[in-house]
Amino acid sequence: MVRFIPAPKLKDGFAVFGHFYSVQVAPKKVVECRSVLEIVEADHAPAKPSALSDREPDAVFIMMNPGSSRPLVEVNDCIREGAIHKLQVSLVPTKPDTTQYQVMRIMRHCRWQHVRVLNLSDLRCPKSGEFFKQFKSLEEDFSFDAHSVFSDRRTGELASKLTRFAETPVVLAWGLSSALDPLIDRCLSRLPKKMKTIGLVKEGMLNKYRHPLPSLQRQKVEWLNRMLNQCKGL
């Protein structure tokens, strides 16, 4: 069993940058989003965060949605839903949430310097129940599915964010809720077949991968150890 590194010991060792934006989907409907997160060892962080977008990461994680992650500087990047395919990435320093510390633990033990985090949906909503309602409303009431980088309208953006090399692992870790099925199906249909996907699939299921941050501490440690065992086999 590996050592579970406390969050305070990880904070100074990593820099975290995200692209935060808002989308106007109707005259009185604006949603807050984050399209990508870049986690990099502090010693390897570039002077200009935008340079991370051009780097090949050591791994790509795909999780549910951005949760409580937030920018550490003021951001004013609003786009209309019809122009979502023109979305330009502008990375800013970001306050990590507890899920991202689990990613950092994997990075530390695997000696990865850079991990990119994508999500099934860009919607910033820390409560999963509210998130489920929000993405369903956007898709059913506003015909807006481009809150997900895996939508047809964001094909070019997705290609630039996924790994270019077949040997780079893509870690699937979006959780077990059946409410995610439409988003999961969309994601899996867009991932190239040659990609090396790993993750802790739930027994008896094909597309439900355990989230890095279960509720109990012993489950967090178990996820970490099982995930590291998979990474050793890469």
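The values are calculated or read from the model by the stated rules, or taken from the named source; none is laboratory data. Since the model is a prediction, treat every value here as computed from it, not as a measurement. So basically every Cβ, Gly included, is an ideal-geometry build from the backbone, and we count neighbours across all protein chains shown. Please note that ligands, DNA and RNA were not included when accessible areas were found on the heavy atoms of the full protein model with its side chains. Shrake-Rupley method; radii C 1.70, N 1.55, O 1.52, S 1.80 Å.
Find the relative contact order for segment 88-233 and round it to a whole percent, using C-alpha pairs within less than 8 Å whose residues are 6+ positions apart.
Values: 127 pairs, mean separation 35.0, N = 146.
Relative contact order of segment 88-233: 24 percent.
Computed from these coordinates, which is Cα extents along the principal axes in Å: [x] 51, 41, 36; [y] 53, 46, 34; [z] 46, 39, 37? Evaluating Cα extents along the principal axes in Å on these atoms matches [y].
So how strong a dipole does segment 77-197 carry about its Cα centre when Lys and Arg Cβ are +1 and Asp and Glu Cβ are -1, to the nearest 20 debye?
Numbers: 20 positive and 14 negative charges, 141 e Å.
Here the size comes out at about 680 debye.
Simple point charges give the picture: +1 on the Cβ of Lys and Arg, -1 on the Cβ of Asp and Glu, and for segment 58-122 a dipole about the Cα centre of about 260 debye.
For segment 33-111, which whole percent of the accessible surface, found with a 1.4 angstrom probe, sits on carbon and sulfur atoms? For segment 33-111, the apolar C and S fraction of the accessible surface comes to 44 percent.
Within straight-line reach of Lys202, meaning a Cα separation under 25 Å, sit the following lysines at least 8 residues removed in sequence or on another chain: Lys127, Lys133, Lys136, Lys193, Lys194, Lys220, Lys232. About its Cα centre, the chain has a charge dipole of approximately 560 debye under the convention of +1 per Lys or Arg Cβ and -1 per Asp or Glu Cβ, with nothing else charged. Note on segment 131-234: with neighbouring protein chains present and a 1.4 Å probe, carbon and sulfur make up 53 percent of its accessible heavy-atom surface.
When shorter helices are ignored and each DSSP H run of at least 4 residues is given -39500 (n - 2.57), the per-residue value for the chain at 222 nm works out to -8500 deg cm²/dmol.
May I ask for the equivalent-ellipsoid semi-axes of segment 125-178, computed as the square root of five times each C-alpha gyration tensor eigenvalue and listed largest first in whole Å?
On the way: eigenvalues 127, 57, 11 Å².
So the equivalent ellipsoid measures 25, 17, 7 Å along its semi-axes.
Surface analysis of segment 80-185 yields an accessible area of 43 Å² per residue, using protein heavy atoms and a 1.4 Å probe.
Stretched out fully, how many nm does the piece from Gln113 to His85 gain, at 0.36 nm a residue minus the Cα gap?
Stretched fully, the Gln113-His85 segment lengthens by 7.1 nm.
If R0 is taken as 25 Å, the Cβ-Cβ distance between Leu72 and Ser215 corresponds to a FRET efficiency of 0.35.
With every protein chain left in place, what is the accessible area per residue of segment 193-234 in square angstrom, probe 1.4 Å?
Details: 2650 Å² over 42 residues.
In whole numbers, segment 193-234 has 63 Å² accessible per residue.
Using equal-weight Cα scatterers in the Debye expression, the normalised intensity of segment 7-133 in log10 at q = 0.10, 0.13, 0.19, 0.21 Å⁻¹ is -0.31, -0.52, -1.08, -1.28.
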